[in-house]
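Working notes, beginning with the structure itself.
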Amino acid sequence: MKTDPLPYERLTYLENFGHSLRRAAYLYRPTSAGQISEVFKIARHNDFKVTLRGAGRSYNDAALNGGGLVIDLQDMNHILDWNPETGIIKAEPGVNLQTLWQRVLPDGWWPPVVSGTMFTTLGGCLGMNIHGKNNFRMGPIGEHVLEFTALLPTGAEVTCSPTHNGDLFYSMISGMGMLGVFISITLQMKKMHSGLLEVTAFPVRTLHEHLAAIEEQAPQNDYTVGWLDAMAGGGGLGRGQIHAAKYLREGEDPEPQKTMQVAYQTLPEKMFGFFPKSSIHYFMTPFQIAPLWGLVNTAKYVASLRSGLYRQSHAAFHFLLDYVPNWELAYGRGGLIQYQSFLPRETAEAAWAELLALSLRRGLPSYLGVTKRHRPDKFLLSHAVDGFSLAMDFRVTAGSREKLRAMLQEFDQIVTAAGGRFYFAKNSETMPEVALKFLGQPVVERFKALKRRTDPNNLLESDLYRRVFGSL
Amino acid sequence: MSPLNLPASTPLRPLRTAIVVGASSGIGEALVRRLAREGYLVAAVARRRELLDELCAQVNAVCGETRARPYAHDVTDYASAPLLLKQIVQEFGALDLFVYNSGIQIPVAVDEFDFAKDLAMYETNLLGALAWLNPVAAMFQALQAGQIVGISSVAGDRGRVGAPAYNTSKAAFSAYLEALRNRLTRRGVTVTTIKPGFVDTAILRSAGAKKTFWVIDPDQAAAGIWQAIKTRRQTAYVPGQWALLMLIIRHIPSFIFRRLSF
């Protein structure tokens, strides 16, 4: 008897980051390009679609493929080459940022762009073209890719750089994994003179002050990020705290060899010297109802009123949330979603004032707001603007789903009317017409044309792709 | 949007999915309507294509989007059941609920012994169920989640003079469901056995039963079944008063039961 190429043992529920959506898929974990080709063959023969998945850290359906095949690339996790002289590293797509920084920092380098978690894989980082708290200065991660090799669904392997196969370079990076699979990625690291950053923290009282402070701090710092208390209304609308950080210059850190060690970067395993960190999210759960979380935000704001200047390790500054393992579980059974909007500097304040006020009026406040400064980039499905972004976390409950959905649709109207954009690793409810509005017809056409070229049979499709681009 | 024009499943609109086998009429049809109304995307599986098409068109018109899709299939075509299951899961992207509702009752006289009739009832009521439930169980076991609902019958609780093979097919189905439950509970899967009493469907009419009582219409049956699904019951009599009556009937001693005419 012919063996079933898709046995149910492979069928697995996969989730988004935030645990608010799960979809069943046949899961494969190849360790080589040859094995990826095999999975493509199985999918073609059985008429299934394939989605690429890294660490599964997208907040939406980017790495989900209900009923289809999912290729989890986390087992392709070898660093292929590292040159501590030039800071050039070549790695497989399943290498995550943790492996990356821990490899390069002791030699005096740091990834030029990192996400807010170090568990994202390089393949995922390129697919979504992630940005960090330094987007205004360093652009997205794609700008630090010297070259990559990719396997296309056609079976062809292509090598791309900004000057060679440039059209594929600028579209596969940001292409949501819909054009091909990164097989190896070559990145330029940034030279460091210390394992520490000089961090300035100070409060801002209003939305106007908030955005003005980010805009003012950005040019003088290497990183700038704001925390926004999205539960404060009235005169306190948009209040929060700004963190700006600078690299230390040569000589400013008396012991760079020590501070650049991995052990020095890592935060303690226990909180208050007693509770294991893995248990912290249990303590957070009871606070996850609006009135109590409002108190938490207020306490945080009051604590932030004391400005500070201090030195902090890179890992602690960038990956704070990773030190509360499974923090997202604190949001309870319904999980969480994130709504992030990118707005031009001219329209951001008015549009966000509207969003924040609307969420408070609807009784659906965001529990966590994060602001950043951005600049545009050349990648095809770019989310960046010359302006700011505001990421808002929302708790999902059975009772709030429909109300929240209706509100986010109103948000989309406000943001697109203000010339804003969205990020395909974040928003989960974006409708095709909204994507069309911010990307523009020519970009969608170009993306589709490239897809016809690299993937003529539409082998690569994710739930995200079908939801947003399926009907465009 | 998928090529099938199915609504997207998102965190704020997670789509629950169900398969109802035996969906063209009676309890199955009512259950398709009910599940669609409760927000499920339903695969309506049955032999009679035109009835399914009409049902799905009506459901989708009421819901304003695709909530039911027709799949023509004969449950006695055992080999095609696992393939159709795979196809539906591929198209729907998940499966939360599986309902086996197909069932026939062919009237037999109290002194009639007809193997052809018995075999036909076995094929639809039991063998078709096994052909579907084995792969469904394998799938839910792998996913460590899911709910299986078998529409058995109060008729399976005792063997009676009027319907030996029908009684046996339902008794065997109930026993199979119990075994499945014992296998799958530890894997996070719920198996619900539904035992309807008299429901005003083609079966009841064709069975030519004269002494009927507590007769409910298919919509009421679907409401009772939905309640059992929602509360993840193990076994549910529909309507509930049958539980008490069947408790009594199950305990009628044989020396009396032999002399009864129903």
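When restricted to residues that are among the β-branched types (Val, Ile, Thr) and touching a helix residue (DSSP H, G or I) at 6+ places or on another chain (Cβ under 6 Å), segment B:86-107 contains 2. Screening residue A:397 on (1) at pLDDT 95 or above; (2) of a type in the set (S, T, N, Q); (3) in a loop (DSSP other than H, G, I, E, B) shows it passes everything except condition (1). Within segment A:369-381, which residues are surrounded by fewer than 22 Cβ atoms within 10 Å (Cβ to Cβ) and either at pLDDT below 95 or farther than 23 Å from residue A:468 by Cβ (or both)? Hits for segment A:369-381 are A:370, A:375. Apart from one condition, residue B:68 fits all of (1) in contact (Cβ under 8 Å) with a residue 60 or more places away in the chain; (2) small (Gly, Ala, Ser); (3) within 21 Å of residue B:22 (Cβ to Cβ); the exception is (1).
Considered as a group, the residues in segment B:13-29 that are crowded, with 23+ Cβ neighbours inside 10 Å and either over 11 Å from the mean Cα position of the chain (by Cα) or over 20 Å from residue B:219 (Cα atoms) (or both) include one that is nearest to the other protein chains (Cβ to nearest Cβ), and that residue is B:17. Check segment A:70-81 and report whether any residue there is within 14 Å of another protein chain (Cβ to nearest Cβ) and either surrounded by fewer than 23 Cβ atoms within 10 Å (Cβ to Cβ) or under 30 Å from residue A:337 (Cβ atoms) (or both). Yes, segment A:70-81 contains at least one residue that is within 14 Å of another protein chain (Cβ to nearest Cβ) and either surrounded by fewer than 23 Cβ atoms within 10 Å (Cβ to Cβ) or under 30 Å from residue A:337 (Cβ atoms) (or both).
If residue A:100 satisfies all but one of (1) away from chain B (no Cβ under 11 Å); (2) out of contact with any Pro (no Cβ under 8 Å at 6 or more places or on another chain); (3) not in a loop (DSSP other than H, G, I, E, B), what's the number of the condition it fails? With respect to (1) away from chain B (no Cβ under 11 Å); (2) out of contact with any Pro (no Cβ under 8 Å at 6 or more places or on another chain); (3) not in a loop (DSSP other than H, G, I, E, B), residue A:100 is out only on (2).
I need the strands (runs of 3 or more DSSP E) fully contained in segment A:1-60, keeping only those with at least 2 residues that are away from every other protein chain (no Cβ under 11 Å).
Values: elements: A:11-15, A:22-28, A:50-53.
So the answer is A:50-53.
Number of residues in segment B:232-262 that are farther than 19 Å from residue B:163 by Cβ and small (Gly, Ala, Ser): the value is 3.
Scan segment B:151-170 and give yes if some residue there is within 14 Å of chain A (Cβ to nearest Cβ), closer than 20 Å to residue B:233 by Cα and crowded, with 17+ Cβ neighbours inside 10 Å, otherwise no. No - not one qualifying residue is present in segment B:151-170.
Looking at segment B:86-125, which of the residues that are facing another protein chain (nearest Cβ under 10 Å) and in a loop (DSSP other than H, G, I, E, B) is farthest from the chain's Cα centre (by Cα)?
At the first step, the residues of segment B:86-125 found to be facing another protein chain (nearest Cβ under 10 Å) are B:86-96.
Next, from what is left, pick out any that are in a loop (DSSP other than H, G, I, E, B): B:93-96.
Numbers: B:93: 22, B:94: 20, B:95: 16, B:96: 15 Å.
For segment B:86-125, the residue satisfying everything is B:93.
Just one of (1) surrounded by 19 or more Cβ atoms within 10 Å (Cβ to Cβ); (2) among the small types (Gly, Ala, Ser); (3) under 30 Å from residue A:461 (Cβ atoms) fails for residue B:138. It is (1).
Looking only at segment B:171-182, residues that are over 23 Å from residue B:30 (Cβ atoms) and either surrounded by 22 or more Cβ atoms within 10 Å (Cβ to Cβ) or in contact with a helix residue (DSSP H, G or I) (Cβ under 9 Å, 6 or more places away or on another chain) (or both) come to 5 in all. Checking B:129, B:137 one by one, the residue that is within 14 Å of chain A (Cβ to nearest Cβ) and closer than 22 Å to residue B:229 by Cβ is B:137 and no other.
Just checking, which of B:51, B:41, B:83, B:55 is part of a helix (DSSP H, G or I) and closer than 20 Å to residue B:226 by Cβ?
Values: B:51 fails: closer than 20 Å to residue B:226 by Cβ; B:41 fails: part of a helix (DSSP H, G or I); B:83 fails: closer than 20 Å to residue B:226 by Cβ.
Exactly one of B:51, B:41, B:83, B:55 is part of a helix (DSSP H, G or I) and closer than 20 Å to residue B:226 by Cβ, namely B:55.
Taken over segment A:411-433, the residue count meeting the criterion of being more than 24 Å from residue A:15 (Cα to Cα) and within 13 Å of another protein chain (Cβ to nearest Cβ) is 3.
Among the residues of segment B:47-58, some residue qualifies, meaning at least one is more than 13 Å from chain A (Cβ to nearest Cβ), within 28 Å of residue A:462 (Cβ to Cβ) and either under 17 Å from the mean Cα position of the chain (by Cα) or modelled with pLDDT of 95 or more (or both).
Yes or no, residue by residue, for (1) at pLDDT 75 or above; (2) under 21 Å from residue A:427 (Cα atoms); (3) assigned to a helix (DSSP H, G or I); (4) not polar (S, T, N, Q):
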{"site": "A:284", "(1), (2), (3), (4)": "no, no, yes, yes"}
{"site": "A:338", "(1), (2), (3), (4)": "yes, yes, no, no"}
{"site": "A:341", "(1), (2), (3), (4)": "yes, yes, no, no"}
{"site": "A:352", "(1), (2), (3), (4)": "yes, yes, yes, yes"}
{"site": "A:359", "(1), (2), (3), (4)": "yes, yes, yes, no"}
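State which residue is farthest from the other protein chains (Cβ to nearest Cβ) when the search covers only segment A:434-456 and only residues that are assigned to a helix (DSSP H, G or I) and among the small types (Gly, Ala, Ser). Among residues in segment A:434-456 that are assigned to a helix (DSSP H, G or I) and among the small types (Gly, Ala, Ser), the one farthest from the other protein chains (Cβ to nearest Cβ) is A:449. Among the residues of segment A:439-457, the ones that are in contact (Cβ under 8 Å) with a residue 60 or more places away in the chain and β-branched (Val, Ile, Thr) come to 2 in all.
The values are calculated or read from the model by the stated rules, or taken from the named source; none is laboratory data. These numbers come from a predicted model, not from an experiment. Positions of Cβ are backbone-derived with ideal geometry, glycine not excepted, and every protein chain shown enters the neighbour counts.
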